[in-house]
1. Under 6 Å between Cβ atoms, at least 6 apart or on separate chains: pull out the pairs that start in the range 228-241 with a residue that is among the basic types (K, R) and end on any residue that is surrounded by fewer than 21 Cβ atoms within 10 Å (Cβ to Cβ).
2. Given (1) among the polar types (S, T, N, Q); (2) more than 16 Å from the ligand (Cβ to nearest atom); (3) within 25 Å of N166 (Cα to Cα), identify the lone condition not met by N43.
3. Kindly check whether there is at least one residue in the range 22-44 that is at pLDDT below 95, surrounded by 12 or more Cβ atoms within 10 Å (Cβ to Cβ), among the aromatic types (F, W, Y) and under 14 Å from the mean Cα position of the chain (by Cα).
4. Being within 23 Å of S45 (Cβ to Cβ) and of a type outside the set (S, T, N, Q), is that true of even one residue in the range 140-150?
5. Going by the structure shown, is Y200 within 13 Å of the ligand (Cβ to nearest atom) and either touching a Phe, Trp or Tyr at 6+ places or on another chain (Cβ under 8 Å) or over 15 Å from R23 (Cα atoms) (or both)?
6. Which residue pairs have Cβ atoms closer than 8 Å, lie 6 or more positions apart in sequence or on different chains, and pair a first residue in the range 74-91 that is of a type in the set (V, I, T) with a second residue that is more than 16 Å from the ligand (Cβ to nearest atom)?
Amino acid sequence: MSEQLKNSLEQAEQDGKFIRTIRSFVKREGRLTKGQACAIEENWSKMGLEHKNGLLDFTEIFGNSNDVILEIGFGMGKSLVEMAKNAPDKNFIGIEVHRPGVGACLGDAAEAGITNLRVFEHDAIEVLADCIADGSLAGLQLFFPDPWHKTRHHKRRIVQPAFAQNLRTKLKLGGVFHMATDWENYAEHMLEVMQVAEGYKNLSQENNYVPRPEFRPLTKFEQRGHRLGHGVWDLMFERIA
Ligand SMILES: C[S@@+](CC[C@H](N)C(=O)[O-])C[C@H]1O[C@@H](n2cnc3c(N)ncnc32)[C@H](O)[C@@H]1O
């Protein structure tokens, strides 16, 4: 590590800034199709948000003061676009690092003619820290996050105690953090983290999982899993303090 980098990391730590070295994703250089590239070119000025522009003013961005739901790691954006289409009285912000996914999402959103969706192509942790005001979100969703199967990679799982508290500061009181996973060991990990996370109430009556709510679209991948007898676990926690 260069002396200059070491000094700036030390300075940032002294200033109380959280230094993150472990990331929840590995940037895949997946090929951008022509359609995805066109979708980005045509729609970025309307739907794209830039991390470098800092804190967002939701009312200015959406032209209304409807509730805002933020999705972390939307993949190709299928379920995000469908949710935005089905809930025109809400606003949606999606964050994804995978450029082909951003292109696919923008293409589908434009085709569906929706106006209540905006998208970041950036690390969600940095977007949350720098662009989202505290106490501003009605909902946060994290669907099928990378499970990091191997035990030595569990530290890369995005759901961790500090992450749960970061998210809590971004939610309004009464706002809900909704997770879903098809990997049982990750579902158990999520539950362990969230059951002891300060300031949240589990919306499950049995203090574990909730049935998939109607508003979370059933993806093709999930339908296939159901046919093969695989489980999916939904968890919903409300900010209460
Ligand atoms: C397993 S995929 C699931 C995608 C989608 N939610 C679905 O249900 O199909 C997880 C996605 O999260 C994205 N991701 C992981 N960590 C992220 C982060 N810190 N910021 C933004 N996206 C992230 C990955 O690029 C990947 O596309």
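The values are calculated or read from the model by the stated rules, or taken from the named source; none is laboratory data. Just so you know, these numbers come straight off a predicted model, no measurement behind them. Cβ atoms come from the backbone with ideal geometry, glycine included; neighbour counts cover every protein chain shown.
1. Filtered contacts from the range 228-241: R239/L173.
2. (3)
3. Yes, some residue in the range 22-44 is at pLDDT below 95, surrounded by 12 or more Cβ atoms within 10 Å (Cβ to Cβ), among the aromatic types (F, W, Y) and under 14 Å from the mean Cα position of the chain (by Cα).
4. Applying the first criterion (within 23 Å of S45 (Cβ to Cβ)) to the range 140-150 yields none.
No - not one qualifying residue is present in the range 140-150.
5. Numbers: within 13 Å of the ligand (Cβ to nearest atom): no; either touching a Phe, Trp or Tyr at 6+ places or on another chain (Cβ under 8 Å) or over 15 Å from R23 (Cα atoms) (or both): yes.
It is false that Y200 is within 13 Å of the ligand (Cβ to nearest atom) and either touching a Phe, Trp or Tyr at 6+ places or on another chain (Cβ under 8 Å) or over 15 Å from R23 (Cα atoms) (or both).
6. From the range 74-91, the pairs are V81/A112; V81/I114.
Here is a yes/no grid of residues against (1) under 19 Å from F25 (Cβ atoms); (2) of a type in the set (A, V, I, L, M); (3) surrounded by 14 or more Cβ atoms within 10 Å (Cβ to Cβ):
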site: D134; (1), (2), (3): no, no, no
site: L137; (1), (2), (3): no, yes, yes
site: K150; (1), (2), (3): yes, no, no
site: H154; (1), (2), (3): yes, no, yes
site: P161; (1), (2), (3): no, no, no
site: W183; (1), (2), (3): yes, no, yes
site: S204; (1), (2), (3): no, no, yes
site: R216; (1), (2), (3): no, no, yes
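Every residue, every condition in (1) farther than 29 Å from K52 by Cβ; (2) within 19 Å of the chain's Cα centre (by Cα); (3) of a type in the set (V, I, T); (4) modelled with pLDDT under 95, yes or no:
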| site | (1), (2), (3), (4) |
| --- | --- |
| L117 | no, yes, no, no |
| L167 | no, yes, no, no |
| M194 | yes, yes, no, no |
| E206 | yes, no, no, no |
| G229 | yes, no, no, yes |
